[in-house]
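Right, one structure below, let's go through it.
The values are calculated or read from the model by the stated rules, or taken from the named source; none is laboratory data. None of the values given here were measured: they were computed from a predicted structure. Heads up, the Cβs are rebuilt from the backbone with ideal geometry, glycines too, and the neighbour counts pull from every protein chain shown. In case anyone asks, the SASA skips ligands and DNA or RNA and just uses the protein heavy atoms, side chains included. Shrake-Rupley method; radii C 1.70, N 1.55, O 1.52, S 1.80 Å.
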Amino acid sequence: MSGTSTRSATTQSAKMKKDESFLGKLGGTLVRKKKSKEVSDLHEEGKKAINAPMLPSGTDIHPEDTLLEENAERIMLDPTSRENAKFKDLLKVLIDWINSELEEERIIVKDLEEDCYDGQVLQKLFEKLSGRKLNVAEVTQSEIGQKQKLQTVLEAVNELLRPHGWSIEWTVDSIHSKNLVAIVHLLVALAMHYQAPIRLPEHVSVQVVVVKKREGILQTSLSPTHFMDAFDTLLDHAPDKLNVVKTSLITFVNKHLNKLNLEVTELESQFADGVYLVLLMGLLEDYFVPLYNFFLTPESFEQKVHNVAFAFELMQDGGLKKPKARPEDVVNLNLKSTLRVLYNLFTNYKNSE
């Protein structure tokens with residue numbers, strides 16, 4: 001009797017450990033730097049992060065996710081978002097557009113994940129849109145060959161889009177692993193850059209599951225992602241409204257910079273060295289930024305990039321999301337990147353005195 005009891009207890013203990021191990025892999029906590037006033041939000045996000053894998057959404061943690069390197073992350077579309085009407089509309093518009101562009105190639109795309117991951121369709125689409133012939137093998141069956149082709153195609157795409165302020169939301173691995181979010185980001189960017197004769201549905205956003213590995217444990221959270229932001233639409237489809245936005249932003253920044261007897265008249269150039277961005281963050285958050293933290297009269301490109309990157313750090317310390325733009329883009333006078341950064345400040349601090 002005691003032997004049976006011992007075996008039963010051992011079995012139950014092993015089962016509990018197994019369950020705990022399983023929950024440990026799936027469950028997670030969201031640890032982010034937040035102000036004390038946002039503690040309740042943090043609790044809510046933490047709850048979502050812990051519960052996300054348990055939601056009846058059909059989200060699977062794939063075996064390869066457990067092989068993530070420390071601090072690495074994988075992003076997957078939350079299954080419930082696949083039924084989002086606007087998202088389905090966006091997929092249909094993109095598929096119809098690709099098929100129209102590649103009609104002469106006799107290529108028919110039915111599923112973006114299955115038809116775009118190996119680089120063949122993306123290669124043909126980019127060549128048609130750009131008028132450039134890429135030096136890649138025509139048929140690639142092996143995974144290595146497919147990734148090499150993708151590498152060449154994406155390098156060409158990134159060289160084209162990055163100078164225009166596009167945030168690169170895709171990688172060779174994300175496209176090849178059939179990450180629909182990354183594929184759609186890429187196709188939307190190409191369609192808008194080349195002003196495709198299609199009407200993209202506006203304000204399309206989906207939930208993605210973010211899987212991260214921290215100290216050997218998988219942590220999951222739900223996060224929204226948007227396929228077009230205000231400035232993509234503004235600059236590519238409504239340039240007539242651009243001056244209205246610029247005027248609003250200039251009024252906003254001068255309201256604060258005037259306290260230091262500073263004034264902005266040109267958004268692109270006057271924020272490019274990062275000095276005004278750093279000073280503006282100090283004014284908005286009501287603290288003095290020590291002069292040894294940044295270059296007050298930057299002379300080199302590197303010093304300007306340091307200033308802008310430092311301003312980005314101050315923004316994140318204030319609870320804002322990491323800016324989409326790169327510091328180098330702001331320094332290089334990229335209007336869309338600078339507008340994105342300033343508009344983010346405007347939406348967060350427009351009621352600040």
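Data for the structure
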| item | result |
| --- | --- |
| Portion, in percent, of the accessible area of the range 78-201 that falls on carbon or sulfur, probe 1.4 Å | 46 percent |
| The range 199-353, accessible area per residue, ligands and nucleic acids excluded (1.4 Å, Å²) | 51 Å² |
| Where N is the number of residues in the range 78-201, Cα Rg divided by 2.2 N^0.38 Å | 1.00 |
| With all protein chains modelled, accessible area of Phe295 [1.4 Å, Å²] | 80 Å² |
| Label-point gap, in nm, between Gln316 and Gln303 - each point 7 angstrom along Cα→Cβ | 2.5 nm |
| Protection proxy ranking, peptides 339-348, 101-110, 250-259, average beta carbon neighbours within 10 Å, highest first | 339-348, 250-259, 101-110 |
| Angstrom value of the Kirkwood radius, inverse mean 1/r, which spans all Cα pairs in the range 162-317 | 18.8 Å |
| Under the Karplus curve 6.51 cos²θ - 1.76 cosθ + 1.60, θ = phi - 60°, whole-Hz ³J(HN,Hα) for the range 340-353, x wherever Gly or Pro sits | 4, 5, 5, 5, 4, 5, 4, 5, 8, 10, 4, 9, 6, 9 |
| Loop sites in the range 128-163: trypsin sites (Lys or Arg not before Pro), DSSP, at most 14 other Cβ within 10 Å | Arg132, Lys133 |
| Rounded percent of accessible protein surface that carbon and sulfur make up, the range 233-350, 1.4 Å probe | 53 percent |
| Rg ratio (alpha-carbon, reference 2.2 N^0.38 Å) - the range 233-350 | 1.00 |
| Backbone N within the range 182-214 under 17 Å of label point (7 Å from Glu103 Cα along the Cβ vector) | 196-199 |
| Nearest-0.05 FRET efficiency for Lys241 and Asp286, computed from C-beta distance (R0 30 Å) | 0.40 |
| Distance violations [Cα-Cα > 30 Å] among Lys86/Lys324; Lys212/Lys241; Lys92/Lys128; Lys88/Lys149; Lys86/Lys322 | Lys212/Lys241 |
